[in-house]
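Q: Please find one structure pasted underneath; my questions will follow.
The values are calculated or read from the model by the stated rules, or taken from the named source; none is laboratory data. Nothing here was measured: the structure is a model prediction, and the numbers come from that model. Don't worry about glycine lacking a Cβ; one is built from the backbone with ideal geometry, like all the others, and counts go over all protein chains shown. Ligands, DNA and RNA are excluded from the accessible area calculation, which covers all protein heavy atoms including side chains. Shrake-Rupley method; radii C 1.70, N 1.55, O 1.52, S 1.80 Å.
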Amino acid sequence: MDLTTAVRTRRMCRRFDGDRTIPNEVVEEMLDLAVRAPSAGHTQGWEWVVLTDATDRSRFWSATTDEGPPDRWLRGVQPAPVLVLALSDRDAYLDRYAEPDKGWTDRSEEHWPVAYWDTDVAMASMILLLAAQERGLGSLFFGVPGPAHTAVKDAFGITQRLRIVGV
């Protein structure tokens, strides 16, 4: 599939087949493409937490949803066989741009009118979505509710310095 076709036909999938499995090699190939995204200062301040195990995915949904019956959206997306948490590392960018070749002498966020640590992760995530489309896989990018960020990080041992940009 060429890029134009992938872009024009890509849609956010909101219904997943819980019986389908995605081989680990396919997930790794797609992530290998994603990390080729543009990155300010070649910082590559992204991290990925890949949840392929049903127990891990269940733990994710428990950390992000309220008790009670799932709504239509949740019933459609919960069966997804793979969840990829897209994380950004602000400190990696602040450190990188305080290095001599970048010309800043401090780690001030005031140098950043746009949070490129999140922007770069979003661009990498778009490549991941396109890689899924190329392979005939449904995909969806969605956010984690703010109040659930700590619970998700705790559930998977994610350091507090990382921000969950999306899944």
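Q: Cβ-Cβ under 6 Å, sequence separation 6+ or interchain: first residue in the range 88-103 and more than 20 Å from ILE158 (Cα to Cα), partner aromatic (Phe, Trp, Tyr). Which pairs?
A: Filtered contacts from the range 88-103: TYR97/TRP104; ALA98/TRP104.
Q: Can I ask one more? In the range 110-155, which residue that is more than 21 Å from TRP73 (Cβ to Cβ) and part of a loop (DSSP other than H, G, I, E, B) is most open to solvent (accessible area, probe 1.4 Å)?
A: The selected residue is PRO113.
Q: Return yes when ARG14 is in a loop (DSSP other than H, G, I, E, B), surrounded by fewer than 16 Cβ atoms within 10 Å (Cβ to Cβ) and within 17 Å of the chain's Cα centre (by Cα) and no when it is not.
A: Numbers: in a loop (DSSP other than H, G, I, E, B): yes; surrounded by fewer than 16 Cβ atoms within 10 Å (Cβ to Cβ): yes; within 17 Å of the chain's Cα centre (by Cα): yes.
Answer is yes for this residue.
Q: Is it the case that the range 65-76 has a residue that's in contact with a His (Cβ under 9 Å, 6 or more places away or on another chain) and under 22 Å from THR159 (Cα atoms)? Give the derivation first.
A: At the first step, the residues of the range 65-76 found to be in contact with a His (Cβ under 9 Å, 6 or more places away or on another chain) are none.
No: zero hits.
Q: Within the range 54-101, count every residue that is assigned to a loop (DSSP other than H, G, I, E, B) and either modelled with pLDDT of 95 or more or buried (at least 20 other Cβ atoms within 10 Å of the Cβ) (or both). Can you show your working first?
A: So in the range 54-101, the residues assigned to a loop (DSSP other than H, G, I, E, B) come out as 65-71, 78-82, 97-99.
Add one more test, that the residue is either modelled with pLDDT of 95 or more or buried (at least 20 other Cβ atoms within 10 Å of the Cβ) (or both), and what stays is 78-82, 97.
Residues in the range 54-101 being assigned to a loop (DSSP other than H, G, I, E, B) and either modelled with pLDDT of 95 or more or buried (at least 20 other Cβ atoms within 10 Å of the Cβ) (or both): 6 in total.
Q: I want to confirm something. Restricting to the range 17-52 and keeping residues that are under 17 Å from the mean Cα position of the chain (by Cα), without any contact (Cβ under 8 Å) to a residue 60 or more places away in the chain and open to solvent by 40 Å² or more (accessible area, probe 1.4 Å), which single residue is farthest from ALA151 (Cα to Cα)?
A: Among them, the one singled out is ASP32.
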